[in-house]
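Below: one structure, written as structure tokens.
The values are calculated or read from the model by the stated rules, or taken from the named source; none is laboratory data. On a predicted model such as this, the values are computed, not experimentally measured, just so you know. With ideal geometry, Cβ positions are generated from the backbone for all residues, glycine too; neighbour counts draw on all protein chains shown. Note: accessible area is taken over every heavy atom of the protein model, side chains too, but ligands, DNA and RNA are not part of it. Shrake-Rupley method; radii C 1.70, N 1.55, O 1.52, S 1.80 Å.
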Amino acid sequence: MLYLLKVEKMIQYIADKEHYTKVLSLCEKVKHDLWIGTADLKDLYVSSGKNVVPFLSVLDKLLKRGVDVRLLHAKEPGENFREDFDKYP
């Protein structure tokens, strides 16, 4: 899987464990736009402070702050993701 991370006008190649440490951990800090492109959306949980929360809750907080969030994916998300997704308006 290939991720390109644009931070302060810089693009980096992201692979393996860096998906979490460089991409997902930075999502909470986004101020304006967050676009995520992936082949498959999964029911993902991430660290948030001392808690582990659904990644969708991170996206929900961003949306409530007015951040433009876009999820671009190749196929229909799995059942667990859909169940969590339906919990967030």
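Structure notes:
- Residues in the stretch 13-37 that a label on ASP68 would reach, taking backbone N under 16 Å of a point 7 Å out along Cα→Cβ: 30-37
- Model label sites at VAL53 and ASP40, defined 7 Å from Cα along the beta-carbon direction, differ in position by 2.7 nm.
- For the chain, the antiparallel share of DSSP beta bridges with both residues in that region comes to about 60%.
- Computed from the C-beta positions of TYR88 and HIS19, the FRET efficiency with R₀ = 35 Å rounds to 0.95.
- The residues of the chain expose on average 75 square angstrom of accessible surface per residue, using a 1.4 Å probe on protein heavy atoms.
- Per-bin percent of Cα-Cα distances, the chain [5 Å]: 3, 12, 23, 28, 23, 9, 2, 0
- The region of the chain that goes longest without hitting one of the GluC sites (Glu not before Pro) in a DSSP loop, each with at most 16 other Cβ atoms within 10 Å, is 29-89.
- Neighbours of PRO77 by Cβ distance under 14 Å: Lys/Arg scored +1, Asp/Glu scored -1, total -3.
- Residues THR38, THR21, ordered by accessible area of protein heavy atoms at a 1.4 angstrom probe radius and largest first, appear as THR21, THR38.
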